[in-house]
């Protein structure tokens with residue numbers, strides 16, 4: 001059986017990071033901070049960079065590649081993401097802040113789809129193992145789907 005890849009859009013992740021760094025202020029980040037979290041990024045390194053952007057924004061500091069590299073260094077994560085050159089490539093400034101919400105919605109939607117798949121997989125595994133009642137499995141899956149739906153409002 002062919003292995004299927006999980007939903008993701010790496011280009012949207014990188015474009016979002018670029019949007020967040022283009023103006024040097026926290027305005028773009030503030031507009032999407034409730035919609036996207038570090039864990040929503042499929043690419044681990046993009047999540048680390050987003051986490052550093054979140055950290056800068058929470059301190060009210062400028063968000064640009066130099067400040068971002070410095071923050072990653074302070075967090076001990078600069079090498080983990082591939083160094084300053086890699087950070088500059090991920091935040092290349094080829095986007096405008098007007099697209100921030102658009103890319104944030106894509107990143108968030110793909111994360112929700114991955115969460116749904118995970119919930120369904122757990123439900124399938126529980127059903128196959130026959131260790132739980134059908135009503136328990138169904139309830140757990142339904143609760144997770146409701147949680148995902150509520151989180152998207």
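Which residue pairs have Cβ atoms closer than 6 Å, lie 6 or more positions apart in sequence or on different chains, and pair a first residue in the range 1-28 that is on the phi > 0 side of the Ramachandran plot and at pLDDT below 90 with a second residue that is crowded, with 17+ Cβ neighbours inside 10 Å and in a helix (DSSP H, G or I)?
Listed by first residue and then by second, the contacts come to nothing, as the list is empty.
Among the candidates 120, 103, which residue alone is out of contact with any strand residue (DSSP E or B) (no Cβ under 7 Å at 6 or more places or on another chain) and within 18 Å of residue 36 (Cβ to Cβ)?
Unique residue meeting the criteria: 103.
Go through (1) surrounded by 13 or more Cβ atoms within 10 Å (Cβ to Cβ); (2) assigned to a helix (DSSP H, G or I); (3) over 18 Å from the mean Cα position of the chain (by Cα); (4) modelled with pLDDT under 95 one by one and return the number of the condition residue 143 breaks.
The number of the failed condition is (1).
Could you check residue 110 against (1) crowded, with 19+ Cβ neighbours inside 10 Å; (2) within 23 Å of residue 25 (Cα to Cα); (3) in contact (Cβ under 8 Å) with a residue 60 or more places away in the chain and say which number it fails?
Failed condition: (2).
Among the residues that make up the range 88-95, is at least one of them surrounded by fewer than 17 Cβ atoms within 10 Å (Cβ to Cβ), at pLDDT below 95, part of a helix (DSSP H, G or I) and on the phi < 0 side of the Ramachandran plot?
Yes, the range 88-95 contains at least one residue that is surrounded by fewer than 17 Cβ atoms within 10 Å (Cβ to Cβ), at pLDDT below 95, part of a helix (DSSP H, G or I) and on the phi < 0 side of the Ramachandran plot.
Does residue 28 meet the test of being touching a helix residue (DSSP H, G or I) at 6+ places or on another chain (Cβ under 9 Å), assigned to a helix (DSSP H, G or I) and surrounded by 20 or more Cβ atoms within 10 Å (Cβ to Cβ)?
So residue 28 fits the description; yes.
Quick one: which residue in 8, 45 is outside any helix (DSSP H, G or I) and out of contact with any strand residue (DSSP E or B) (no Cβ under 9 Å at 6 or more places or on another chain)?
8
Of all residues in the range 58-81, which are within 18 Å of the chain's Cα centre (by Cα) and surrounded by fewer than 18 Cβ atoms within 10 Å (Cβ to Cβ)?
58, 77, 80
The values are calculated or read from the model by the stated rules, or taken from the named source; none is laboratory data. Computed from a prediction, not measured in an experiment: that's the story for all the values here. With ideal geometry, Cβ positions are generated from the backbone for all residues, glycine too; neighbour counts draw on all protein chains shown.
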